[in-house]
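Below: one structure, written as structure tokens.
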Amino acid sequence: MIVGVMKEADTPQAAPFVTVPQAPVSAARNLLRAKTGIAVGLATGLLPDVGAVALLALVTLGFFWRVVTGQNWMPADGGDLVSFLYPTYRFAAGALHSGVWPLWDPFLYLGAPHIADIQAGFLYPPNLLLFLIQPAFPYQSLQWLSIGHIWFAGAGMYLFLARGLRTRRLAALAGALAFMFSDAFVVHFGNLNFNAVASWLPWVFWAFRAGINESVKLRWAALAGVLLAIASFAGHIQATLFVLLALATYSGLNLWQQREEAAPGRRALAYLAYLATTLLVTVLLAAPILVPALQLTSYTARASWNYTEAAGYSLSPAQWIGWFIPGFFGRGPQFHWGAWPRVEVGYLGILPLILAGLALVLRRERRTWTWIGLAMASFILALGIYAIPHGWLTLLPGFSQLRAPARLVLLTDFALAALAAIGLDAALSPLLVAGYAGLQKVWRGLGFATGAVWAFGVPLMYLALLLVQNQDPAIVTRVSITLIAVMVFAGLLAASLFWLAALRGRWARPDTLAWAAAGLILLDLASNGAYQDLGNQDPSRTFQHPEIASFLAGQNGPFRIDARTGIDSLWQPDTSLFYGLEDVGGVVNPLILADVQRYWEGLGSRSSRLYDLLNSRYVIARKDVTLDWQKFKLVFDGDPNLNVYENQQVLPRAFIVSGVQSVGDHQAAWDGIHAAGFDPATVAFVETPSGGLPGGGHGSVSDMRSGPGRLALQVTADGPALLVVSQTWYPGWQVRVDGVAKGAALRADYAFQGYPVSAGTHQVEFVFTSPGWRLGWLIASITGAGLVILTTAGLYRKRNSWKH
């Protein structure tokens with residue numbers, strides 16, 4: 001097969017565990033010896049790896065000990081973990097517990113396609129297990145998931161380095177520590193879905209690289225695709241694309257290294273086929289979330305993003321110092337300062353950077369240059385708007401709607417951690433004359449840098465602190481924070497120099513030096529990252545408003561609430577998901593439907609009739625809020641900080657309109673509802689490009705019942721009229737009248753749903769279906785079945801080869 005030409009040059013092959021005797025013995029005895037030998041070899045080789053993975057688990061618990069013991073919460077304010085993921089996951093868990101797929105979310109943004117929001121994450125195995133076991137899980141469960149995925153990233157990195165790159169185990173352990181506690185994971189502790197996908201990076205690489213390193217079939221590429229598909233269900237498409245970008249970059253660099261070998265064209269085709277297999281398997285298996293998400297994309301505000309928006313949260317050149325002094329501009333969000341947003345800078349420790357340099361000095365081979373190339377390419381892309389290659393990257397499908405290019409330091413940290421393990425492995429091996437000379441140069445260079453920092457950097461920082469004593473207290477605080485960061489850096493430099501001196505002089509056994517390196521890396525990263533962004537109060541406490549929830553639960557519905565009154569510090573924007581309330585808004589979400597966002601921004605004020613069309617009966621606000629008191633009245637003040645006010649002119653969830661204005665396009669509907677004198681209670685603008693709709697009739701709506709993705713009601717009309725439903729229009733909503741399917745709901749009043757009814761009494765039902773969801777499952781099922789068949793056939797052939 002064409003893939004058989006692929007290899008990664010200069011990669012040593014491990015010796016087999018056993019040598020199967022070739023003496024002329026019976027086939028049965030030969031087979032028995034071979035199987036027994038392999039089993040013993042595997043057991044012997046796996047025990048140290050199991051121990052290392054267990055040690056990483058203990059280290060992870062030690063790193064987050066203040067969170068594990070319940071003394072603190074992380075992030076301090078909860079971040080996305082509490083404001084977005086916690087309520088989102090609780091909603092999905094509740095729906096699954098009741099036996100319903102959470103396809104439609106009726107509680108936020110006037111209703112939204114939950115399945116199309118790729119961040120939903122309810123199909124990701126760890127999430128799904130939690131949702132089924134404990135649907136009403138506490139916030140601490142998500143902290144444990146974040147901690148668990150950081151350990152999982154470290155375990156995968158260790159096994160990739162030890163088994164994939166064949167470094168000595170202690171070198172692999174050091175590389176794993178550098179990767180798992182790097183900026184890429186610690187800064188994103190609150191971005192659980194990002195960290196969840198990112199934690200699979202070394203696992204995917206382990207499988208993917210096996211096919212490049214050996215003359216094998218495409219099964220390794222398919223396995224990498226399976227692993228990446230599982231990771232993608234965690235719900236962060238940016239992280240998935242980053243992993244694919246890393247695989248493509250690694251393949252391209254490896255191919256470039258072999259450009260002068262025989263049959264370069266054939267090898268290029270083999271790499272392309274191999275990479276395409278991983279991509280195809282990933283996309284096909286993850287189709288249940290990718291297909292609906294792709295449909296949603298064109299209806300969100302992100303569809304119209306320009307490059308400036310996509311380049312938001314780039315890694316500023318001023319922040320490069322963070323690679324050496326991560327606390328220079330303040331490590332956590334509480335102390336961050338600077339004219340640029342706080343982003344991950346990629347810090348993974350001082351000693352790992354030195355070890356990565358040793359890899360370049362001591363192992364100048366092709367694979368080293370490949371890892372250096374991946375580190376440099378990803379770092380340049382992380383610069384975002386500060387370097388033009390990121391702009392070119394946005395020309396590729398998917399990347400133009402992703403911001404925060406600084407997150408690409410995930411790949412930089414991954415490559416540098418691999419180089420650190422290679423460098424430590426090389427440094428602990430017997431050195432030739434050239435290698436020792438290179439070690440000498442690194443030692444002298446580090447000694448010069450350490451001396452300069454202690455001789456000039458430290459005194460200058462103390463001088464700066466003295467000079468600002470009479471300045472603004474904020475300036476004093478900033479200089480003090482920077483001084484502490486510089487002192488930590490100077491201490492770590494000195495410790496690294498001491499370790500390098502011990503290595504140079506062979507003061508201890510190689511294993512002792514390796515343990516010392518791993519310990520210094522852990523001390524570095526834990527000291528700089530473990531206590532950052534910790535809070536003393538449970539950030540989920542702002543979801544607890546039982547008095548208000550009890551009052552609202554006792555009111556006749558359906559109705560919506562409006563908590564978009566600047567009370568985020570008291571009332572989480574997604575609190576509605578906890579109490580089964582329906583809200584006109586929710587937490588800031590880039591995947592909100594563009595029509596809903598534009599409608600809200602174009603309301604003018606809460607005094608307008610467009611606001612009444614939202615079915616927003618109750619406003620939750622501070623006790624000193626200013627409202628239109630001719631329209632709103634106080635109805636509940638039992639909460640210590642918040643009041644509830646009733647909109648006395650609210651329109652019902654569904655109602656009959658006699659005046660029907662048919663318009664041919666979306667902009668015409670927008671112009672119509674913003675025309676002077678427009679009253680949605682009497683006139684509706686319906687988008688019907690095929691022709692007009694009859695009107696003139698009057699009627700009423702009764703017996704309204706709602707459920708997940710379903711709204712049923714009884715309509716009585718004395719003539720042709722339009723039924724308007726204050727619910728977001730989105731493809732997939734179907735209408736049934738008197739049990740007969742009538743087709744898709746119409747788009748009424750720009751952002752809502754409607755359907756014409758004739759004279760008489762009718763049972764009308766609006767039901768949400770997602771063709772993309774069903775198509776995605778069909779694609780994934782066929783792909784999964786095909787992979788099972790191919791795997792079974794391969795195992796059967798392998799079994800037959802054993803017999804012969």
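The values are calculated or read from the model by the stated rules, or taken from the named source; none is laboratory data. Small disclaimer: the values here were computed from a predicted structure and weren't measured. Cβ coordinates were reconstructed from backbone atoms using ideal geometry, including for glycine residues, and neighbour counts include every protein chain displayed. Note: accessible area is taken over every heavy atom of the protein model, side chains too, but ligands, DNA and RNA are not part of it. Shrake-Rupley method; radii C 1.70, N 1.55, O 1.52, S 1.80 Å.
Matching residues to (1) without any contact (Cβ under 8 Å) to a residue 60 or more places away in the chain; (2) open to solvent by less than 50 Å² (accessible area, probe 1.4 Å); (3) touching a strand residue (DSSP E or B) at 6+ places or on another chain (Cβ under 6 Å); (4) part of a helix (DSSP H, G or I):
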residue	(1), (2), (3), (4)
V479	yes, yes, no, yes
I484	no, no, no, yes
M487	yes, no, no, yes
A490	yes, yes, no, yes
L493	no, yes, no, yes
A501	yes, yes, no, yes
W507	yes, no, no, no
A518	no, yes, no, yes
L525	no, yes, no, yes
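From the list V724, V764, the lone residue that is buried (at least 22 other Cβ atoms within 10 Å of the Cβ) and either among the aromatic types (F, W, Y) or in contact with an Asp or Glu (Cβ under 9 Å, 6 or more places away or on another chain) (or both) is V724.
Of the candidates L296, L241, L284, the single residue that is touching a helix residue (DSSP H, G or I) at 6+ places or on another chain (Cβ under 6 Å) and either open to solvent by 10 Å² or more (accessible area, probe 1.4 Å) or free of Cβ contacts under 8 Å to residues at least 12 places away in the same chain (or both) is L284. A339 falls short on exactly one of the conditions (1) of a type outside the set (F, W, Y); (2) surrounded by 16 or more Cβ atoms within 10 Å (Cβ to Cβ); (3) under 27 Å from G535 (Cβ atoms), and that condition is (2). Number of residues in segment 767-778 that are part of a helix (DSSP H, G or I) and surrounded by fewer than 18 Cβ atoms within 10 Å (Cβ to Cβ) equals 5.
Could you please let me know if I230 is open to solvent by 40 Å² or more (accessible area, probe 1.4 Å), within 21 Å of I289 (Cα to Cα), touching a helix residue (DSSP H, G or I) at 6+ places or on another chain (Cβ under 6 Å) and of a type outside the set (S, T, N, Q)?
no
Filtering W443, W392 for residues that are over 20 Å from S251 (Cα atoms), out of contact with any strand residue (DSSP E or B) (no Cβ under 6 Å at 6 or more places or on another chain) and modelled with pLDDT under 95 leaves a single hit, W443. Looking only at residues in segment 358-396 that are part of a helix (DSSP H, G or I) and hydroxyl-bearing (S, T, Y), the one that is most open to solvent (accessible area, probe 1.4 Å) is Y386. Scanning segment 188-198 turns up at least one residue that is surrounded by 24 or more Cβ atoms within 10 Å (Cβ to Cβ), in contact (Cβ under 8 Å) with a residue 12 or more places away in the chain, within 22 Å of the chain's Cα centre (by Cα) and within 26 Å of A273 (Cβ to Cβ).
This table checks each residue for (1) open to solvent by 50 Å² or more (accessible area, probe 1.4 Å); (2) touching a Gly at 6+ places or on another chain (Cβ under 7 Å); (3) free of Cβ contacts under 8 Å to residues at least 40 places away in the same chain.
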{"position": "L513", "(1), (2), (3)": "no, no, no"}
{"position": "L534", "(1), (2), (3)": "no, no, no"}
{"position": "P539", "(1), (2), (3)": "no, yes, no"}
{"position": "Q544", "(1), (2), (3)": "yes, no, yes"}
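Among the residues of segment 677-709, just one is at pLDDT 90 or above, among the aliphatic types (A, V, I, L, M) and part of a loop (DSSP other than H, G, I, E, B), namely A681.
Among the candidates A745, A712, A717, the residue that is at pLDDT 90 or above, open to solvent by less than 40 Å² (accessible area, probe 1.4 Å) and within 23 Å of T300 (Cα to Cα) is uniquely A745.
Going through (1) surrounded by 20 or more Cβ atoms within 10 Å (Cβ to Cβ); (2) not in a helix (DSSP H, G or I) one by one, Y313 falls short only on (1).
Is there any pair linking a residue in segment 399-411 that is within 28 Å of A176 (Cα to Cα) to one that is among the charged types (D, E, K, R), with Cβ under 6 Å and at least six apart or on different chains, and which? Here the result reads A406/E344; V409/E344, each pair linking segment 399-411 to a residue that is among the charged types (D, E, K, R). Do the conditions hold for S569, that is, is it open to solvent by 20 Å² or more (accessible area, probe 1.4 Å), without any contact (Cβ under 8 Å) to a residue 12 or more places away in the chain and small (G, A, S)? So S569 does not fit the description; no. Of the set (1) modelled with pLDDT of 95 or more; (2) open to solvent by 60 Å² or more (accessible area, probe 1.4 Å); (3) closer than 30 Å to F543 by Cβ, all apply to N641 but (1). Being in a helix (DSSP H, G or I), at pLDDT 95 or above, in contact with a Pro (Cβ under 8 Å, 6 or more places away or on another chain) and open to solvent by less than 40 Å² (accessible area, probe 1.4 Å) is a description that applies to A153.
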